[in-house]
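Report on one structure; see the data block that follows.
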Amino acid sequence: MSAAVNTLDHLLSVFGTRTRVEQLEEFLRTVARHHSELAEHLRSQLDAGGFEHPRSLITPVGARQLATIHDATGMADTIAQALNPDTEEDQ
């Protein structure tokens, strides 16, 4: 007798409880949101001439590079798609 293992069954076997799976899902959503917010903030500061102060913790080049990495990796989109796999197929 072979039983198909669905995604939730797999996550429960790895993480133990439904509560823990839900917490991890929320953590991933938070990471995706913060990643996007950081990239947006960097871009808005760059547009406003930010990061030019001699004691700035990040240079304009560094800020631009971080925002570009955000775009290139698509991390927020990847996380969203992983958490909602049917979303893209429905569009």
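The values are calculated or read from the model by the stated rules, or taken from the named source; none is laboratory data. Since the structure is predicted, the reported quantities are computational estimates derived from the model, not experimental observations. Positions of Cβ are generated from backbone atoms using ideal geometry, with glycine treated the same way; all protein chains shown enter the neighbour counts.
A few notes on this one:
- Where helices (runs of 4 or more DSSP H) fall wholly inside the range 20-91, the ranges with 1 or more residues that are modelled with pLDDT of 90 or more and charged (D, E, K, R) are 60-73.
Listed here are the residues, each with its yes/no results for (1) of a type in the set (S, T, Y); (2) touching a residue at least 24 places away in the same chain (Cβ under 8 Å).
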residue	(1), (2)
L8	no, no
T17	yes, no
E25	no, yes
L28	no, yes
L57	no, no
P60	no, no
Q65	no, no
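- Qualifying residue in the range 39-47 (condition: surrounded by fewer than 13 Cβ atoms within 10 Å (Cβ to Cβ), more than 19 Å from the chain's Cα centre (by Cα) and over 25 Å from A80 (Cβ atoms)): yes
- In the range 1-19, residue modelled with the lowest pLDDT [restricted to those that are polar (S, T, N, Q) and outside any helix (DSSP H, G or I)]: S2
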